[in-house]
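One structure is given here, and the rest of the page talks about it.
The values are calculated or read from the model by the stated rules, or taken from the named source; none is laboratory data. Every value quoted in this text rests on a predicted model; they were computed, and no experiment measured them. Here the Cβ is made from the backbone with ideal geometry for all residues, glycine too, and neighbour counts use every protein chain on show.
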Amino acid sequence: MITVGKIIGTHGIKGQLKVFSYSGNIESLQNSGTAFLKGKNGLLQEYVIKGVSAHSGGFLLSLDDFNDINQVLPLVGSELCLKRSQLPEPAEDEYYWRDLIGLIVFTDQGQELGKLVDIFETGSSDIYVVRGDEREYLIPAIADVISLVDISGNRMVITPLDGLLDL
């Protein structure tokens, strides 16, 4: 399962849900037919998608058999998940965050920095949070820095910019 968003509220009185999208890819949801919601209790439940539309930087989601705000209120706060098979294959040099989390990060000189533990977006590029034994590094996800991503080998190699590892 890949988490693609979070239910952040309701919209109107007819059972629509506001979704904060982690990917911005509305096509995956529109083409999937079903989605899974992971509730606060951690349980996954599959739902048939009735409709998806863009709305205020996120999405509005309608599910079959939910026609009233009172029916969908308990779903607020759930994570929206799709099966990996429902998602398109990423383009060359593109990766799902889920595939990157956990990679061991090395410099091009062979120094192990630690494990990629988190990713966050900025306006210009993603930032990889790499946690080593003694410290944490913030690595910009740009072509000048990321030399190799080897998902099957569970490693990433970076060419640090001057001063990057000193921050």
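Quick notes on this structure:
- Among the numbered conditions (1) in a strand (DSSP E or B); (2) among the basic types (Lys, Arg); (3) assigned by TED's automatic domain parsing to the domain that holds Val19, the only one that Lys40 does not meet is (1).
- Members of region 48-63 that are surrounded by fewer than 14 Cβ atoms within 10 Å (Cβ to Cβ) and modelled with pLDDT of 95 or more: Val48
- Qualifying residue in region 109-117 (condition: within 23 Å of Val4 (Cα to Cα), in contact with a strand residue (DSSP E or B) (Cβ under 9 Å, 6 or more places away or on another chain) and of a type outside the set (D, E, K, R)): yes
- Sole exception among (1) touching a helix residue (DSSP H, G or I) at 6+ places or on another chain (Cβ under 8 Å); (2) exposed (fewer than 13 other Cβ atoms within 10 Å of the Cβ) for Gln45, by number: (1)
- Taking residues in region 95-115 that are among the β-branched types (Val, Ile, Thr), and partners anywhere that are part of a loop (DSSP other than H, G, I, E, B) and modelled with pLDDT of 95 or more, the pairs with Cβ atoms closer than 7 Å and at least 6 places apart or on different chains are Ile104/Asn154.
- All strands (runs of 3 or more DSSP E) inside region 70-167 with 2 or more residues being surrounded by 10 or more Cβ atoms within 10 Å (Cβ to Cβ) and more than 18 Å from the chain's Cα centre (by Cα): 104-107, 112-121, 136-140, 146-150, 155-158
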